[in-house]
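What follows is a single structure, written as structure tokens, with notes after it.
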Amino acid sequence: MLMEYRSPSPISREQAEEVLSRGEVGEICVTLISVALKVPDREWVEACIVTYLRHSDAVLRKCAAVSLGHSARIHGAVGPEALSALRDLLVDPAMSGSAEDAMDDVEMFTRSK
């Protein structure tokens, strides 16, 4: 799947939940990025992201890792469950550096709480 940059549109939790429930990979990726950048409820955003960090589809895991990096930048924090799920991906050969990039973002943008 070729990834291309698109400026994400604001999205509500309800809209995101509807798209995520449909299960279409491309839509899920766009939605994960949108919620990471546009939804202010960090805990809810991370819960969505963690689901896909643990998904069987490598494309969705990559999208989730990128989304977690964005969320870390926006919110300045990452919860322990999301951090653990991201760490689990560091040994996943299918991640092709996406997990490392996301971990770099988390380390750069989060502060101790």
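At 1.4 Å probe size, with the rest of the protein present, what percent of the exposed accessible area of the chain is carbon and sulfur atoms?
Details: 3280 of 6290 Å².
Answer for the chain: carbon and sulfur cover 52 percent of the accessible area.
Using only helices, what value at 222 nm comes out for the chain when you add -39,500 (n - 2.57) per DSSP H run of length 4 or more and divide by the total residues, to the nearest 500 deg cm²/dmol? Walk me through the numbers on the way to the answer.
Working: 6 runs with 76 residues, N = 113.
Calculated mean residue ellipticity at 222 nm is -21000 deg cm²/dmol.
Quick one: how many Å² of ASP104 are accessible to a 1.4 Å probe, rounded to 10?
Estimated to the nearest 10 Å², ASP104 gives 80 Å².
Order these peptides, 38-46, 17-25, 60-68, by their mean beta-carbon neighbour count within 10 angstrom, highest first. Before the final figure, lay out the partial values.
Values: 38-46: 16.7, 17-25: 12.6, 60-68: 25.4.
Put in order of decreasing packing, that is 60-68, 38-46, 17-25.
Using a 1.4 Å probe on the protein heavy atoms only, what accessible surface does VAL91 show? Give it in Å² to the nearest 10.
Approximately 120 Å² for this residue.
Hey, got the Cα dimensions of the chain along the principal axes, in Å, largest first?
Largest to smallest, the principal-axis extents are 31, 31, 23 Å.
What is the set of long-range amide H partners of GLY79 at a cut-off below 5 Å, with H atoms built 1.01 Å from backbone N?
Placed amide hydrogens put nothing under 5 Å from GLY79.
Normalised by the number of residues in segment 27-85, what is the relative contact order in percent for Cα pairs under 8 Å and 6+ residues apart? Intermediate values should be presented prior to the final figure.
Numbers: 61 pairs, mean separation 23.7, N = 59.
Relative contact order here is 40 percent.
Kindly report the accessible area of segment 6-107 per residue (heavy atoms of protein chains, probe 1.4 Å, no ligands, DNA or RNA), in Å².
Solvent-accessible surface per residue comes out at 48 Å².
The values are calculated or read from the model by the stated rules, or taken from the named source; none is laboratory data. Nothing here was measured: the structure is a model prediction, and the numbers come from that model. Positions of Cβ are backbone-derived with ideal geometry, glycine not excepted, and every protein chain shown enters the neighbour counts. In case anyone asks, the SASA skips ligands and DNA or RNA and just uses the protein heavy atoms, side chains included. Shrake-Rupley method; radii C 1.70, N 1.55, O 1.52, S 1.80 Å.
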